[in-house]
Amino acid sequence: MKSTLMISSAAALVLGISIGLVCQPFGYAEKNQKDPYERLDTFARVLSVVERNYVDEANRTEMIDGAIRGMMRALDPHSMFMTADQRKDFERRTAGQFVGIGVEIGLKNDELRVITAFYGGPAQRAGISSGDTILAVDGRDVSKMTVDELFESLRGEPGSQVRLSVRHPEKLTPQNYVIERQVVQLDIVRGQLLDDNYGYVSLKSFAGGSAAKVKAEIDRLIGILKPAPLKGLVLDLRKNPGGFLNEGVELANYFIPSGNIVSTKGRNGVTMEDYNASRLKYTYDFPLAVLIDEGTASASEIVAGALQDHHRAIIVGQTSFGKASIQNIYPLNDGSSVKLTIGRYYTPSGRCIQTHGITPDVEVEDLLLQTKGRKVVREKDLEHALDSAKEQQPASSAGAKTVADAEEHEPLPGISDLQLFVALQQLRAREFYVNQ
């Protein structure tokens, strides 16, 4: 039976992306333990009592599926049982797709703002655009909903509808919309040239082929500048929930010529695999800055952690999400699947950043999407979150600088993103000192 190794964050709009790995589908309890299935007799008896005596006729399949979900939830936030339909939705996301209305959203001044309405998506066609404020979803006031509830309320089955109350910046009266959810293809890589021959590339998730797409975008920017060189690059991994492990390793390898990129360990700290850089895949030696925030998770943290440990890039932004666990997906005969946490990953210096996250070298508050007034949710805040491995403690970013009173800094013309501005200034400063 085939299983799937994946790492991803559960706290983002675009979730869960996977990589194939063949392994034993089932394990056995240690011989010195009691029969691990003894309690199943109790479960069967409870099921029988419910079926015979419950006030209404109960659906056996729904009860058993619910019991399995409860069992998986008792483990950690990322282990779960998926029905056949949920598995299909998962597979859509592995292809860089999601079902929704086609918006990227965030919090600003405690309001739910539309960051981007993807061109050609349901929301954009309905008249919603960047800067709009969503006030209510299906009649529910968004100020009384958690962030997870907000995200979940916008998702749904293709063809289903969601009712939105939206305030446009230029209008005082909210507008009501009824929008049909559709499968939206996410444009995961964006790039542009900045001032003074510096480049910017944003990666939204580590879907299949994402590393190659980043490379193609970097090469496109280099081609535009020729014969002048690209002086440096800002790699934006903010709000990137992760994805394929091998995509993260490949992307890091473009900037790291040799040495370890990430290691994985399973039960009792037994090493599962070491992922090392290949000189053949090493491509770029220009200066690099990486943007991270509380939404940077899993495969994104692998890339940021490797580049930080190898002193290959300066990390700018806010402490990342802190998910260093790895999941396998085990398909079952009825089309359903079990996603199970099987290990933790470690950065090249031996850090396990589970629940701790990557601490940036330069901390910069996000002024575009302020989260003040609402708690920022990271891995450590999730119910049943795994602890970091006891034998490993994350190395703090000693001497990390903080950009305080950020409002006093004047952004470059055309750059209203303070974190991007600071990252670019860090690259310029490096060029200045190198040339002295």
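Bear in mind these aren't lab numbers, they're just calculated from the coordinates by the rules spelled out. All values derive from a computational prediction rather than experimental measurement. Cβ sites come from the backbone with ideal geometry, for glycine too, and all protein chains shown count toward neighbours.
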ask   = Out of all the residues in the range 180-196, is one or more over 30 Å from THR283 (Cα atoms), loosely packed, with under 15 Cβ neighbours inside 10 Å and in contact (Cβ under 8 Å) with a residue 24 or more places away in the chain?
value = yes
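Let's see how each residue does on (1) surrounded by fewer than 24 Cβ atoms within 10 Å (Cβ to Cβ); (2) farther than 21 Å from ALA324 by Cα; (3) of a type in the set (Gly, Ala, Ser); (4) in contact with a His (Cβ under 9 Å, 6 or more places away or on another chain):
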| site | (1), (2), (3), (4) |
| --- | --- |
| SER210 | no, no, yes, no |
| LYS226 | yes, yes, no, no |
| ASP236 | no, no, no, no |
| PHE244 | no, no, no, no |
ask   = Residues of the range 252-275 being surrounded by fewer than 22 Cβ atoms within 10 Å (Cβ to Cβ) and hydrophobic (A, V, I, L, M, F, W, C), which ones?
value = VAL270, MET272
query = How many of the residues making up the range 303-331 are among the small types (Gly, Ala, Ser) and either under 15 Å from the mean Cα position of the chain (by Cα) or surrounded by fewer than 24 Cβ atoms within 10 Å (Cβ to Cβ) (or both)?
reply = 6
